[in-house]
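Just so it is clear, none of the values below were taken in a lab; they were calculated from the coordinates. All of these numbers come straight from a predicted model, not from anything done at the bench. So basically every Cβ, Gly included, is an ideal-geometry build from the backbone, and we count neighbours across all protein chains shown.
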Amino acid sequence: MSPLNLVPPPEPLLRAEHVTLEYRGERGIVRATEDVSFDVYRGDRFVLLGPSGCGKSTLLKAVGGFIAPQAGSLTLDGKAISRPGPDRIVVFQEFDQLPPWKTVRENVMFPLLANGVKRKEADQRARHWLGKVGLARFADAYPHTLSGGMKARVAIARALAMQPAILLMDEPFAALDALTRRTMQEELQALWDEIGFTMLFVTHSIEEALVVGNRILLLSPHPGRVRAELNSHQFSLASAGSSEFQQATQRIHGLLFGGQEQPGRVSEGVAHG
Ligand code: ADP
Ligand code: MG
């Protein structure tokens, strides 16, 4: 008989502790978030949900290493985040960031080459990831010939090809029409089922948060403070019409806009509230 081993609790991959973020400009100081704490574990689909202007993009920029907190700390794998790095790749809403003079494949290769991957391997990885998002046939097309959904797929392939420790997504589907948005949520879920990457996903849509996330952090209106944290792994696109889903949506709406700040952190399944 082997001895009984005690398994230590998993360490979070990304840890935000009491993070306050501010912009300083001519008009004075704008406080975007205040005292925000959360932990993201490997394999999480962690969603930051809150109304427009509550500091979601600012939080993502800080995790990306583009701006530094005024107070609190952000660590990835135990190390303080101090600058951007290939371990954190951001997918933005504006897919027209794809340089139009490069083909789809060259667009996916570009960050790989910029990070020292050899051309042959970059080419193979680009083809591989374009295949994963269903764009193998469009590898040599130019971005302007693609639909919005296809551009979103290129952006996702380009990000995953970098094999980041965490994928940061800032309302990546917000500019798409409702049907395409659903398709993209479905495809993202299928990719996650297959690969199991770690994702920090920002949205102001309650429905999207429930569909995409396994955990959701609710942020108050400007400046963003933590209202609650919820487990939402039981919801998916398939359950989007169910009464449980509707109840969860209403409950989150109440938590977000009810005005009543939670005294501590709520951590529970929203369906059983
Ligand atoms: P969200 O992504 O949740 O809509 P943002 O993070 O974009 O919110 O913005 C949070 C707050 O910070 C808002 O009040 C916004 O006006 C302000 N803000 C965002 N970017 C800047 C900036 N570059 N300079 C000054 N204020 C900013
Ligand atoms: Mg934003």
Worksheet item: Hey, can you rank 79-85, 230-236, 48-54, 4-10 by average C-beta count inside 10 Å, highest first?
Response: 48-54, 230-236, 79-85, 4-10
Worksheet item: Between the range 1-66 and the range 179-219, what is the C-alpha centre distance in whole Å?
Response: 17
Fill in: Residues whose placed amide H lies under 5 Å from that of L167, excluding near-sequence neighbours
T198, M199, L200
Item to complete: Give, to the nearest whole percent, the P(r) tail of the range 62-153 beyond 15 angstrom, counting all Cα pairs.
Response: 65
Worksheet item: Considering the alpha-carbon set of the range 1-94 alone, what are its Rg and its Dmax in angstrom?
Response: 16.2, 69
Item to complete: Using the Karplus curve 6.51 cos²θ - 1.76 cosθ + 1.60 with θ = phi - 60°, work out ³J(HN,Hα) for each residue of the range 249-258 in order, rounded to whole Hz, and write x for Gly and Pro.
Response: 4, 5, 5, 5, 4, x, 5, 6, 10, x
Discussion item. Give the lysines whose C-alpha is closer than 28 Å to that of K120, dropping any in the same chain fewer than 8 places away, or say none.
Written reply: K102, K132, K151
Worksheet item: Reachable aspartates and glutamates from K79, Cα under 18 Å, same-chain residues fewer than 8 places away excluded?
Response: E11, E17, D39, D87
Item to complete: Kindly give Rg over Rh for the chain, based on alpha-carbon atoms, with the Kirkwood expression for the hydrodynamic radius.
Response: 0.98
